[in-house]
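Participant: Sharing a structure here in structure tokens format.
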Amino acid sequence: MAAIRADLLSDTLTRPTPAMREAMARADVGDDVFGEDPTVRVLEEKVAGLLGHEAGLYTPTGSMANQLGLRLHVAPGRELVADQQAHVVRAELGAAAVFSGITSRTWASERGLLDPAGPMSLVTTGVGPYQVETSLVVVENTHNFGGGTVQPIGAIREVRSATTALGVAMHLDGARLWNAHVASGVALADYGREFDTVSVCLSKGLGAPVGSVLVGSADAMAEARIWRKRYGGGMRQVGILAAAGLHALEHHVERLADDHARARRFADACAEAVPGVIDPATVETNIVVLDVGAAGLTSAAFVEALLAHGVRTYSVGPRAVRLVWHLDVDDAGTEAAIAAAREVLTAA
Ligand SMILES: Cc1ncc(COP(=O)(O)O)c(C=O)c1O
């Protein structure tokens, strides 16, 4: 196998920078299960403040932060509604059903883009003992499998006002909300305030090795803290990891614009090589989903051919391949990916 020149498999691949490792080594720590880790406390308060919420809860993963959020709002036997490509329904391995007895229904969309008609066509309330009652709408921003799609704040507000009138809660899977904020210029708190709970990841484009934060009301986070322990997510001297998250928030948010520009440059080059594989205007953040079928390739063939050029990518469908930019992919890596993709796409 060729040496890897650009690893575009996922933005979870980042390794801590030397400065991040130093911040981790210096971190003040205590036993977080007893609420005594000062660095975790600072991180939770900081993220809650950034998102316009009262309190935060540090979790090992984004999946756990999401699952805690979902169970806070949905009683067993009730339902959530989400986009059909949402991470909570497609990639958390049925956790909402397994752990919380939650049923799910999904709406279809273009690139994961939120159209209020999607959720509002599903939300069902006041149906007594005859149908499943909807308790929660889940929105993902940016939308991962949709190709890093940024959700328009106007559409979010429209759903919020309709669901509030019906007594239905909203949870934001904001694993990449940082990317949405940098791409759109919408303040994090403006997104955050439209939801009852928000999960954000520090371990994706921000470059921390581990960690997510769930935010919401102080009461909701107290309840989530109990469930986190029950799920086995109570961690001890974990300030050593929270420090990486704090470092990432301070140093790695604005630079996400570089990832977005590189992803766009790659998309422009692919579209120039084979019109139809991607519409570059749809590349808003750090994720590109190519329709390699438009170049006469299967996703498996494209992934293998790129790997032979030292570029790692990920098949997300029979003709769809995802490429994700992050802290560890620079201009040289991007140029290598462009050259390899051009060659493979035009040879087909
Ligand atoms: C949109 C979205 N939500 C949640 C998660 C879950 O994060 P984790 O892998 O930390 O559980 C991911 C992971 O890729 C994601 O893309």
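Participant: Hey, got a sec? Which trypsin sites (Lys or Arg not before Pro) in the range 176-275 land in a DSSP loop and have at most 16 other Cβ atoms within 10 Å? Intermediate values should be presented prior to the final figure.
Facilitator: On the way: sites: 176, 193, 204, 225, 228, 229, 230, 236, 255, 262, 264, 265; in loops: 176, 193, 204, 236, 255.
Those that pass, being in a loop and sparsely packed, are 193, 236, 255.
Participant: Separate question: Once you keep just the Cα pairs under 8 angstrom separated by 6 or more residues, what percentage relative contact order results for the range 168-267? Mind dumping the intermediate values first?
Facilitator: Values: 107 pairs, mean separation 29.0, N = 100.
In percent, rounded to a whole number, it is 29.
Participant: Next up: Tell me, what does the Kirkwood hydrodynamic radius of the range 209-348 come to in angstroms if you use every pair of distinct C-alpha atoms? Spell out each step's value before the answer.
Facilitator: Working: mean 1/r = 0.0575 Å⁻¹.
This gives a value of 17.4 Å.
Participant: Evaluate Rg over Rh across the range 182-274, taking Cα atoms for both radii and Kirkwood's formula for Rh. Please report the intermediate quantities before stating the final value.
Facilitator: Values: Rg = 17.3 Å, Rh = 15.8 Å.
Taking Rh as the inverse mean 1/r over Cα pairs, Rg/Rh reads 1.09.
Participant: If you don't mind, another one. So, taking all protein chains as they sit and a 1.4 Å probe, how much accessible area belongs to residue 99, in Å² rounded to tens?
Facilitator: Accessible area of residue 99: about 120 Å².
Participant: Which whole number in µm²/s is D for the range 211-264 by Stokes-Einstein, with the Kirkwood Rh taken over Cα pairs at 20 °C and 1.002 mPa s? Don't skip to the end; give the middle numbers.
Facilitator: Working: Rh = 13.7 Å.
For the chosen part, D equals 157 µm²/s.
Participant: Now for a different question. With a point put 7 Å past each Cα toward its Cβ, work out how far residue 226 is from residue 26 in nm, to one decimal.
Facilitator: 3.9
Participant: Sticking with this one: On average over all directions, what projected area in square nanometres does the range 254-296 have, based on the convex hull of its Cα atoms?
Facilitator: 2.6
Participant: Rank 40, 74, 316 by mean-square fluctuation in a GNM of the chain with C-alpha springs under 10 angstrom and give only the top-ranked residue.
Facilitator: 316
Participant: If you don't mind, another one. What size of dipole, in debye to the nearest 20, comes out for the chain about its Cα centre when the only charges are +1 on Lys and Arg C-beta atoms and -1 on Asp and Glu C-beta atoms? Write down the numbers at each step before the final one.
Facilitator: Details: 29 positive and 40 negative charges, 118 e Å.
Here the chain has a charge dipole of around 560 debye.
Participant: Sort the range 1-68 into rounded, prolate or oblate with this rule: let a ≥ b ≥ c be the square roots of the eigenvalues of the Cα gyration tensor; rounded if a/c is under 1.5, and if a/c is not under 1.5, prolate when a/b is larger than b/c, oblate otherwise.
Facilitator: The shape class here is prolate.
Participant: Set the Förster radius R0 to 35 Å, insert the Cβ-Cβ distance between residue 237 and residue 78 as r into 1/(1 + (r/R0)^6), and round the FRET efficiency to 0.05.
Facilitator: Numbers: r = 38 Å, r/R0 = 1.08.
About 0.40, to the nearest 0.05.
Participant: Same structure again: P(r) for the chain, please, calculated from all Cα pair distances in 20 Å bins and given in %.
Facilitator: Pair shares across the bins are 31, 56, 13, 0.
Participant: How far, in nm, would the chain grow between residue 331 and residue 130 when pulled straight, counting 0.36 nm per residue and subtracting the alpha carbon separation? Intermediate results must be reported in sequence, preceding the final value.
Facilitator: On the way: separation 201, 0.36 × 201 = 72.36 nm, distance 5.74 nm.
Going from the current span to full extension adds 66.6 nm.
Participant: Which values of log₁₀ I(q)/I(0), to two decimal places, follow from the Debye formula for the range 292-348 at q = 0.17, 0.22, 0.25, 0.26 Å⁻¹ with a uniform point scatterer at every Cα?
Facilitator: Each listed q corresponds, in turn, to -0.50, -0.81, -1.01, -1.08.
The values are calculated or read from the model by the stated rules, or taken from the named source; none is laboratory data. The structure presented is a predicted model; accordingly, all values stated were derived computationally and were not measured. All Cβ positions, glycine included, derive from the backbone under ideal geometry; neighbour counts span all protein chains shown. Calculation scope for accessible area: heavy atoms of the full protein, side chains included, ligands and nucleic acids excluded. Shrake-Rupley method; radii C 1.70, N 1.55, O 1.52, S 1.80 Å.
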